[in-house]
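As structure tokens, the structure follows; a few thoughts come after it.
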Amino acid sequence: MTQLSALQIARKAYQPKLPPVLRSGPAAVELKFGGATESVADQAAVKALFPQTYGQPVAEFVAGTSKLAGPLTVGVVLSGGQAPGGHNVIAGIFDGLKAINPASRVLGFLGGPSGLEEGKYLEITPEIMDAYRNTGGFDIIGSGRTKLETEEQFLKCKAVLEGLKANAVVIIGGDDSNTNAAVLAEWFKAKGSPISVVGCPKTIDGDLKNAQIPTSFGFDTAAKTYAELIGNIQRDCLSAKKYWHYIKIMGRSASHLALEAGLQTQPNLTLISEEIEKKGETLAQVVASMADLVELRSKAGKNFGVAVIPEGLVEFMPDVKKLISTLNDLMAHEAAAFEAAADQAAKEELLKKFLAADVAATYFSLPFGIRGQLLLDRDPHGNVQVSRIETEKLLGEMVTAELKKRGSKAKFSFLTHFFGYEGRCAAPSNFDADYCYSLGYVAGLLVNGGKTGYMATCSSLTKGIEKWVPGGIPVTQMMNIERRHGHDKPVIRKALVELDAAPFKKLEANRKVWAETESYVYPGPIQYWGPTEVCDATTKTLELEQG
């Protein structure tokens, strides 16, 4: 029998809160609809691809009466990377469906979308569900990254769900996963199938958000986990007074986690990829400005500091972005030549023949080890695996070289950290525990109402759960057309850090003071019990965005 810690035992007993309108049960609510919707861009193209589900209205649950379906059988899929609270989404689905009809069943497909395609599942029983309430991770059924996008896959999914007499499937995932969910919903409806497909917004990166989805689940817990670690490092930094700490934070496509961590802990420097891209700053310019800060603090007798760096930073620098794109093409077209090269030095001799002068200059400005990562680490599509580039080490080594080139008298020693997996499976904060449970409950109600192509939502999140507004948003409303692997595809538009919005403006307004002084904040560990303003607090980002 698995040994549980005292915290695990106590958290199992926590009963997540629901918005008031849902507390009287599924029969006491009804769906209120707004007007027809449009996609955020490329309306004609998106409408042409989703003729069955495009234009559906935004839905809101209000007090009223609903006809409850007979026993429902609903499949659940966890898709993509882990995020705190996934188990509570399933708990909300489970409890909601049982409240609709005690004979309802929840089938968890194993290993992500491939489990749905292959018909591998686990029926969630009360005993299984109770073992996973308020826990982190996705281990109840596992996750995966299989994309459901071909006719053959859709036919397999349809056969599996029909064989199980399933009424619906809920896909819990990020932007790509929910895009696939929308495509599957459209396909089912075009085939005349009554099977509903509903999504839930998951990603710790925070890049799945809009007017109806203030935040994706897991972001709150991950950000607070990283903020605790950064706060601990800042306390050590202020105690030892001899190191610069370069801390990389997960978030490849957007800098929301770095921004949130920066707002929570107030380090000396927080880099924001979107800002660097807008300014067109090159790697050399970023390194120079970081070296300037080292010298400025050193002149004040402060040979230490903390810098927070977003994971995807290098892809937002125009010169490095061009280098990576060039290498991707080159390594694809000259694969045999590079595979035949004996070592890194031989590969670099080849590069000198192929690279344009400006691209070669960028490449050879990088430390030797980083250059090796660019040449050796490829993903299944033959592209550089940017997430594996040690950006924090790259910047530390290049700042060291820059200071040496200047003949600087500043003392500079750096240590590096990467906070990624530490936050993905943390026990969910009270906010995420409640938010995820509510999203799952809402997903079950959307299924009861026969809705398909929708994503479960809860809005007005900063006003306390008594003011939360549960509902659903059509996935097509969030879509635009993007070029992916040489083809135009409908995708949910990623939400990047907005440089004219309140969270970034707060960072920008305090940047100089935080750079020169030690305005460090030490958030400490996530609090599960105590005053509401402590244990149920939302992120700084949400507070600033929603006032």
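Has region 498-513 got any residue that is farther than 30 Å from Gln43 by Cβ, among the small types (Gly, Ala, Ser) and not in a loop (DSSP other than H, G, I, E, B)?
We begin by selecting, within region 498-513, every residue farther than 30 Å from Gln43 by Cβ; these are 505-513.
Next cut, among the small types (Gly, Ala, Ser) only: 509.
From the residues that got through so far, the ones that are not in a loop (DSSP other than H, G, I, E, B) too are 509.
Within region 498-513, one or more residues are farther than 30 Å from Gln43 by Cβ, among the small types (Gly, Ala, Ser) and not in a loop (DSSP other than H, G, I, E, B).
Candidates Ser429, Ser438: the one that is within 30 Å of Asp536 (Cα to Cα), touching a Gly at 6+ places or on another chain (Cβ under 7 Å) and touching a residue at least 12 places away in the same chain (Cβ under 8 Å) is Ser438. Annotation note: Cβ proximity below 7 Å between a residue of region 176-201 that is touching a residue at least 40 places away in the same chain (Cβ under 8 Å) and a residue that is acidic (Asp, Glu) and surrounded by fewer than 23 Cβ atoms within 10 Å (Cβ to Cβ) (sequence gap 6+ or interchain) occurs for Asn180/Glu149; Val183/Glu149. Restricting region 194-209 to residues that are over 14 Å from Ser79 (Cβ atoms) and out of contact with any helix residue (DSSP H, G or I) (no Cβ under 6 Å at 6 or more places or on another chain) leaves a set whose member that is surrounded by the fewest Cβ atoms within 10 Å (Cβ to Cβ) is Pro194.
Just the residues that are in contact with a strand residue (DSSP E or B) (Cβ under 7 Å, 6 or more places away or on another chain) and either among the basic types (Lys, Arg) or not in a loop (DSSP other than H, G, I, E, B) (or both), please, taken from region 445-459.
Across region 445-459, the qualifying residues are Leu445, Leu446, Val447, Lys451, Tyr454, Met455, Ala456, Thr457, Cys458, Ser459.
Report yes if some residue within region 98-112 is touching a residue at least 60 places away in the same chain (Cβ under 8 Å) and over 17 Å from Ala185 (Cβ atoms); otherwise report no. Checked region 98-112: at least one residue is touching a residue at least 60 places away in the same chain (Cβ under 8 Å) and over 17 Å from Ala185 (Cβ atoms). Scanning region 1-17 for residues that are in a loop (DSSP other than H, G, I, E, B) and of a type in the set (A, V, I, L, M) gives Met1, Leu4, Ala13. The lone criterion from (1) of a type in the set (D, E, K, R); (2) over 20 Å from Leu283 (Cβ atoms); (3) modelled with pLDDT under 95 left unmet by Lys321 is number (2). Of all residues assigned to region 330-341, none qualifies as being closer than 22 Å to Gly280 by Cα and surrounded by fewer than 16 Cβ atoms within 10 Å (Cβ to Cβ).
Of the helices (runs of 4 or more DSSP H) contained entirely in region 49-156, those carrying at least 3 residues that are out of contact with any strand residue (DSSP E or B) (no Cβ under 6 Å at 6 or more places or on another chain), hydrophobic (A, V, I, L, M, F, W, C) and under 19 Å from Ser438 (Cβ atoms) fall at 86-100. Taking region 477-491 as the range and being in contact with a Lys or Arg (Cβ under 8 Å, 6 or more places away or on another chain) and assigned to a helix (DSSP H, G or I) as the test, only Met478 passes. I'm trying to understand the selection: among the residues of region 304-361, which are in contact (Cβ under 8 Å) with a residue 60 or more places away in the chain and not aliphatic (A, V, I, L, M)? Across region 304-361, the qualifying residues are Phe304, Gly305, Pro310, Glu311, Gly312, Glu315. Within region 386-396, is there a residue that is in a helix (DSSP H, G or I), surrounded by fewer than 21 Cβ atoms within 10 Å (Cβ to Cβ) and without any contact (Cβ under 8 Å) to a residue 24 or more places away in the chain? Looking through region 386-396, at least one residue is in a helix (DSSP H, G or I), surrounded by fewer than 21 Cβ atoms within 10 Å (Cβ to Cβ) and without any contact (Cβ under 8 Å) to a residue 24 or more places away in the chain. Filtering region 251-265 to residues that are surrounded by 24 or more Cβ atoms within 10 Å (Cβ to Cβ) and in a loop (DSSP other than H, G, I, E, B) leaves Gly251, Ala254, Ser255.
Comparison of Thr532, Thr517, Thr541 shows that the only residue that is in the same structural domain as Ala332 (by TED's automatic domain parsing), among the hydroxyl-bearing types (Ser, Thr, Tyr) and free of Cβ contacts under 8 Å to residues at least 12 places away in the same chain is Thr517. Residue under question is Arg424, and the condition is that it be within 29 Å of the chain's Cα centre (by Cα), modelled with pLDDT under 95 and either among the basic types (Lys, Arg) or surrounded by 16 or more Cβ atoms within 10 Å (Cβ to Cβ) (or both); does it hold? Criteria not met by Arg424.
Within region 373-381, identify whether any single residue is without any contact (Cβ under 8 Å) to a residue 40 or more places away in the chain, aliphatic (A, V, I, L, M) and surrounded by fewer than 17 Cβ atoms within 10 Å (Cβ to Cβ), and answer yes or no. It would help to see each step written out before you state the result.
Of region 373-381, the ones without any contact (Cβ under 8 Å) to a residue 40 or more places away in the chain are 373, 376-377, 379-380.
Narrowing the set further to residues that are aliphatic (A, V, I, L, M) leaves 376.
Right, trim to surrounded by fewer than 17 Cβ atoms within 10 Å (Cβ to Cβ) and you get 376.
Yes, region 373-381 has at least one match.
One residue alone among Leu122, Leu110, Leu116, Leu164 is within 22 Å of Thr179 (Cα to Cα), aliphatic (A, V, I, L, M) and surrounded by fewer than 22 Cβ atoms within 10 Å (Cβ to Cβ), and that residue is Leu110.
Here Val308 meets the list (1) within 27 Å of Gly486 (Cα to Cα); (2) at pLDDT 90 or above; (3) not basic (Lys, Arg) almost entirely, failing just condition (1). Taking the numbered list (1) at pLDDT 95 or above; (2) in contact with a helix residue (DSSP H, G or I) (Cβ under 7 Å, 6 or more places away or on another chain); (3) within 29 Å of Lys463 (Cβ to Cβ); (4) not aliphatic (A, V, I, L, M) in turn, Arg23 passes all entries but (2).
Only residues that are within 24 Å of Ala240 (Cβ to Cβ) and under 23 Å from the mean Cα position of the chain (by Cα) were counted across region 497-547, and they come to 3. Each residue in region 73-121 was checked for being aliphatic (A, V, I, L, M) and within 28 Å of Thr225 (Cβ to Cβ), and 9 of them qualify.
Is one or more of the residues making up region 411-430 in a helix (DSSP H, G or I), farther than 30 Å from Ile526 by Cα and of a type in the set (Phe, Trp, Tyr)?
Filtering region 411-430 for residues in a helix (DSSP H, G or I) gives 421-424, 430.
Filter once more, keeping what is farther than 30 Å from Ile526 by Cα: none.
Looking through region 411-430, none of the residues is in a helix (DSSP H, G or I), farther than 30 Å from Ile526 by Cα and of a type in the set (Phe, Trp, Tyr).
Looking across region 25-46, the residues that are over 18 Å from Gly450 (Cα atoms) and touching a residue at least 60 places away in the same chain (Cβ under 8 Å) come down to Thr37, Glu38, Ser39, Val40, Ala41, Asp42, Ala45, Val46.
The values are calculated or read from the model by the stated rules, or taken from the named source; none is laboratory data. Small disclaimer: the values here were computed from a predicted structure and weren't measured. FYI the Cβ positions are ideal-geometry reconstructions off the backbone, even for glycines, and counts take in every protein chain you see.
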